[in-house]
Structure formats: C-alpha cells, structure tokens
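**Q** Following this message is one structure expressed as structure tokens.
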Amino acid sequence: MNETIKLQHAHHSIRSYRDDNVSDEMLDAIIRAAWHAPTSMNAQEISLVVVRDAEKRAHIAELAGGQAWIKQAPVFITIVMDFNKTDMGVRKAGQTQVIHESMEGFGVAAVDAGIMLGNLMIAARSLGLGVVPIGGIRRNPQSMIDLLELPTLTFPMVGICIGHIENDAPLKPRMDIATFRHDERYDASAYRTAIDAYDTDIMAYWQGLKRTDGITWSQNLGNNLKQVYFPQVRPVAAMQGLTNDK
Ligand SMILES: Cc1cc2nc3c(=O)[nH]c(=O)nc-3n(C[C@H](O)[C@H](O)[C@H](O)COP(=O)(O)O)c2cc1C
C-alpha cells in the first residue's frame, strides 16, 4: 500500500493541540492542495478564510457551541460557499446569475466544499499535523458571517482546525463495509445486523477511552437527527440571497 492510501486508512480527528504555530510554508502548501482541487463547471465557487488570530478563534469556539479545540489549534479555516465570486463573472458576461437561488447550487457548492475539506485534511495530515472538521460553525451562521465579513451570496459551510497534535486519538471504528460498498446495485439487506454490531463496537470504543458519557451510534443519531440541529442555516442562507427555492 502506498503512503497516501495508508494515510487515508489511518484517518482520525484530533481534538487536542499544542499551541506552537503552523509555519507559513506548511499552511501555504495545505491551502494550495485545496486550491488545485476540481470544482463543478470550474466555477471555483469556494473561498477559504484563514483565521490565526487567537481572539477570533476563541470567538468561533463559542459560536460553534463551546468547542475548545478551535481555540487551541493555531489555524482555523472556514470553507465558504462563494457565489459572490461567480456573480462577478456572470455579470461580466452580461447575464444574471440564478444558480445561487437553487438547490442545485447549494448542493454543488456543498460537494465542492467537501472536496476542499478532504484536500485540506490530507495535506495537513501528510505534514504530520492533526485536523478536525467543524460543522458547528453552522450553529450560528450569522455570527460567522459578521465575524468574517462575508458579503451576500456567500455562506460559511464548514471549518477545519489544523495544528500540531498534543494528545493523539485512536481510530474510530466504522460500520461494516457491506453497508458502504454496494456492487452494481444498492442493497440494504446487511444494514440492520451491521447497525446492531456497530452499536456494540462503538460502546467498546468509548469504554476503551474510559468515556462514561459514550452512547451508541443509534442513540446518538436519534438525539441529533430527530430535529434540524442547525435551524439557522435556512433563514440565514436566504438572507444571504441563497434562497434554495428553485
Ligand atoms: C462535515 C463534518 C463536520 C464535523 N463537525 C464537527 C464539529 O463541529 N466538531 C467536532 O468535534 N467534530 C466534527 N466532525 C468530526 C466527526 O465527528 C468525526 O469525523 C466522526 O465522529 C468520525 O471520527 P473520526 O474523524 O475520528 O474518524 C465533523 C466531521 C465532518 C466530516
């Protein structure tokens, strides 16, 4: 197996960082790894906002629901849906942009933001750094917009903490690969058994970490997915002009 695939197979999130900085050289290389990523129609409708300022990171940690690792890690990058950039190109061509009002537009930008996140993660981890993605910035999207001075037609999709690892973490088990890989056609017949087995595996994982607050995968999803856990996304996106109604 080559080094890239070994790195991908060893993915695990880090939530404990040393406070020494990430060098400019490393950060540039990580950002360029995402900059080279493909985007749908080459729209390049993603921008990154890099925050190194400690006070701003502390603020983001609070906005994200009190996530201490955002304050701890020296670099926080917000991946921004940027239909403001594309709008300038569309206007230059004498047209009126509509895609930012559509589900297609939101979906495409979410996919491209995910590709950026993946590239940032792999690049940072290949340099020996730790990472954790942060969807929690969508808990208070308006405050993130204000903090980062994001204009209309933009939205903070997801963030990532990057830094030198203080305490490493073990790999979190995944559900049986039969629930993930479907050959030739979709087949959910293995799901129920695999979910039962995974709930047991996850409890063993928490016990291994001596985490008494650990709950099963099913319970965790039950707690979270029974509601729209970040209800501000839709109204704030609409206020940004991303109406998602076409
Ligand atoms: C899009 C996305 C958003 C996430 N948001 C958060 C977050 O806000 N806070 C956090 O601590 N972890 C967050 N995570 C990390 C997941 O909880 C983690 O990837 C998952 O539990 C699997 O663990 P692992 O990454 O260690 O394998 C996020 C992951 C993804 C992909």
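Where a number appears in this text, it was derived from the coordinates with a stated rule and is not lab data. These numbers come from a predicted model, not from an experiment. Methodologically, a virtual Cβ is constructed for each residue, glycine included, from the backbone with ideal geometry; neighbour enumeration extends over all protein chains shown.
**Q** Would you mind computing the Rg to Rh ratio of the range 112-246 from its alpha-carbon coordinates, Kirkwood style for Rh?
**A** 1.02
**Q** Hey, another quick one. Looking at the range 175-209, which chymotrypsin sites (Phe, Trp or Tyr not before Pro) are in a loop (DSSP not H, G, I, E or B) and have at most 16 other Cβ atoms within 10 Å?
**A** Within the range 175-209, the qualifying chymotrypsin sites (Phe, Trp or Tyr not before Pro) (loop, at most 16 other Cβ atoms within 10 Å) are PHE180, TYR186.
**Q** If amide H atoms are built 1.01 Å from N in the plane of the peptide, which residues on other chains or at least 5 residues away come under 5 Å of the amide H of MET157?
**A** ILE79, VAL80, MET81
**Q** Under a plain spin-label model, where a point goes 7 Å from the Cα along Cα-to-Cβ, how far apart in nm are ASP19 and GLU3?
**A** That separation, rounded to one decimal, is 3.2 nm.
**Q** Now, a different point. How many nm is it between the label spots at ILE115 and ASP245, if each spot is 7 Å from the Cα in line with the beta carbon?
**A** It works out to 3.0 nm between the two label points.
**Q** For ARG185, ARG52, what ranking results if the residue with the fewest other Cβ atoms within 10 Å of its Cβ goes first?
**A** ARG185, ARG52
**Q** Further, regarding this structure: Hey, which lysines would be in cross-link range of LYS172, C-alpha to C-alpha under 23 Å, not counting anything within fewer than 8 residues on its own chain?
**A** Answer for LYS172, where 23 Å is the Cα cut-off: LYS6, LYS210, listed by chain and number.
**Q** If you take the Cα Rg of the range 168-242 and divide it by 2.2 N^0.38 Å, with N the number of residues, what do you get?
**A** That ratio works out to 1.50.
**Q** What does the helix-only formula give at 222 nm for the chain: each DSSP H stretch with n ≥ 4 adding -39500 (n - 2.57), the total divided by the residues, and the result rounded to the nearest 500 deg cm²/dmol?
**A** -13500 deg cm²/dmol
**Q** Another one. Which whole-Hz couplings ³J(HN,Hα) result when phi for each residue of the range 233-246 is put into the Karplus expression 6.51 cos²θ - 1.76 cosθ + 1.60, θ = phi - 60°, listed in order with x for Gly and Pro?
**A** Ordered by residue, 3J(HN,Hα) equals 4, 4, x, 6, 4, 4, 5, 7, x, 9, 6, 6, 10, 10 Hz.
**Q** Express the Stokes-Einstein translational diffusion coefficient of the range 1-97 in µm² s⁻¹, to the nearest whole number, given a Kirkwood radius over alpha-carbon pairs, 4 °C and a viscosity of 1.567 mPa s.
**A** Diffusion coefficient, whole number: 80 µm²/s.
**Q** Also: Can you give me the Cα centroid spacing of the range 96-142 and the range 6-55 in angstrom?
**A** For the range 96-142 versus the range 6-55, the Cα centre distance is 11 Å.
**Q** In 10 Å bins starting at zero, report the fraction of Cα pairs in the chain per bin as a rounded %.
**A** Histogram of Cα-Cα distances, whole percents per bin: 7, 25, 33, 26, 8, 1, 0.
**Q** Of LEU171, LEU150, LEU209, which has the largest mean-square fluctuation in a 10 Å C-alpha GNM of the chain?
**A** LEU209
**Q** Now for a separate question. How would you rank ARG139, ARG18, going from fewest to most other Cβ atoms within 10 Å of each one's own Cβ?
**A** Ranking ARG139, ARG18 by Cβ neighbours within 10 Å, fewest first, gives ARG18, ARG139.
**Q** Just tell me, in residue order, which DSSP H segments of the chain are both 24 angstrom or longer along the helix axis (alpha-carbon based) and at least 1.0 in mean Kyte-Doolittle hydropathy.
**A** Going by DSSP H runs, the hits are 103-126.
**Q** Return the lysines within reach of LYS85: Cα separation strictly under 29 angstrom, same-chain partners fewer than 8 residues apart disregarded; answer none if there are no such residues.
**A** LYS56, LYS246
**Q** Sequence-distant or interchain residues sharing an amide H contact under 5 Å with VAL51, placed H: which?
**A** Amide H neighbours of VAL51: PHE76, ILE77, THR78.
**Q** May I pose another question? Within the range 110-144, find all residues whose amide N lies under 16 Å from a label point positioned 7 Å from the Cα of HIS36 along Cα-to-beta-carbon.
**A** Hits in the range 110-144 for HIS36 at 16 Å: 116-127.
**Q** Just subtract the alpha-carbon distance of GLN95 and ARG52 from 0.36 nm times their residue separation and send over the number in nm, one decimal.
**A** So the chain would gain 11.7 nm between GLN95 and ARG52.
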